[in-house]
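The values are calculated or read from the model by the stated rules, or taken from the named source; none is laboratory data. In this text the structure is predicted, and so the values were computed from the model without any measurement. Cβ: placed from backbone, ideal geometry, glycine included. Neighbour counts: every protein chain shown. Each accessible area value is taken on the protein alone, full model and side chains, heavy atoms only, with ligands, DNA and RNA left out. Shrake-Rupley method; radii C 1.70, N 1.55, O 1.52, S 1.80 Å.
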Amino acid sequence: MADTSTILCRNATLVDTDELVRIIHEYAELGIMLPRSAAMIAAAIDTFVVAEVDGRLVGCGSLCKLGQNLVEIRSLGISADYKRLGIGRKMVEKLTEQAKSLGIPKIMALTYQVGFFEKIGFDVVSKEIFQEKVWKDCVNCKKQHCCDEIAVLKRLD
Ligand SMILES: CC(C)(COP(=O)(O)OP(=O)(O)OC[C@H]1O[C@@H](n2cnc3c(N)ncnc32)[C@H](O)[C@@H]1OP(=O)(O)O)[C@@H](O)C(=O)NCCC(=O)NCCS
């Protein structure tokens, strides 16, 4: 059993880039996360948070601003051996605090893990309400006409 007594959630730094690539690649291979190169991650390192247990990086997530009023959770992943230990919840809480500190009232995600997001206070909503997302990302996505991800939203105001 993983020892999570020393879970540390913190903002990522450039030193974490390779480990972030490793975690994201693990899930991108399974088709449940978009792949991110080291260069892409490094360029957006300020948007990432990480979870560390005993000095090992075991989780990550990032926040993407989609407009004045909306942020999206991206690249949220916990290493297989460390799932269901409360780390995903902590990652989302940290990202939520960041959204709040930016004064942004809505946080959303596109996901296959609806049960997890409902457990932590998100509601399932129609994807179509996110015009910011549709125009920024979905128009360039191969799956735009057959997207099977579910949209979830939490209001922070
Ligand atoms: C989804 C994911 C981030 C959850 O992280 P986690 O650390 O395992 O989740 P937590 O332990 O913090 O779970 C918080 C709560 O949600 C529940 N939960 C977790 N995963 C769940 C799931 N798939 N279905 C239903 N409930 C779930 C937990 O039991 C816990 O409930 P509790 O508070 O009553 O004990 C993790 O499973 C993961 O990395 N999945 C693969 C990548 C992925 O799909 N990311 C989402 C992209 S948007």
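Restricting attention to region 81-102, does a residue exist that is touching a Leu at 6+ places or on another chain (Cβ under 9 Å) and in a strand (DSSP E or B)? No: zero hits.
Taken together, the residues in region 112-141 that are part of a helix (DSSP H, G or I), over 20 Å from Asp157 (Cβ atoms) and away from the ligand (no atom under 12 Å from the Cβ) amount to 8.
Any idea how many residues of region 37-66 are closer than 16 Å to Leu110 by Cβ and within 13 Å of the ligand (Cβ to nearest atom)?
4
Here Leu76 fulfils each of the conditions (1) open to solvent by less than 40 Å² (accessible area, probe 1.4 Å); (2) part of a strand (DSSP E or B) apart from (1). In region 6-23, how many are crowded, with 16+ Cβ neighbours inside 10 Å and charged (D, E, K, R)? Here the count works out to 2. The single condition among (1) near the ligand (Cβ under 8 Å from one of its atoms); (2) in contact (Cβ under 8 Å) with a residue 60 or more places away in the chain; (3) open to solvent by less than 40 Å² (accessible area, probe 1.4 Å) that Ala109 does not meet is (2). Taking every residue in region 128-143 that is within 19 Å of Met33 (Cα to Cα) and pairing it with any residue that is open to solvent by less than 100 Å² (accessible area, probe 1.4 Å) and at pLDDT below 75, at least 6 positions away or on another chain, the pairs with Cβ-Cβ distances below 6 Å are Cys138/Gln144.
Being hydrophobic (A, V, I, L, M, F, W, C), without any contact (Cβ under 8 Å) to a residue 40 or more places away in the chain and more than 26 Å from Glu29 (Cβ to Cβ) is the filter here; which residues of region 67-101 pass it? Answer for region 67-101, where residues must be hydrophobic (A, V, I, L, M, F, W, C), without any contact (Cβ under 8 Å) to a residue 40 or more places away in the chain and more than 26 Å from Glu29 (Cβ to Cβ): just Val71. Considered as a group, the residues in region 24-51 that are within 19 Å of Thr96 (Cα to Cα) and either touching a helix residue (DSSP H, G or I) at 6+ places or on another chain (Cβ under 9 Å) or free of Cβ contacts under 8 Å to residues at least 12 places away in the same chain (or both) include one that is surrounded by the fewest Cβ atoms within 10 Å (Cβ to Cβ), and that residue is Ile45.
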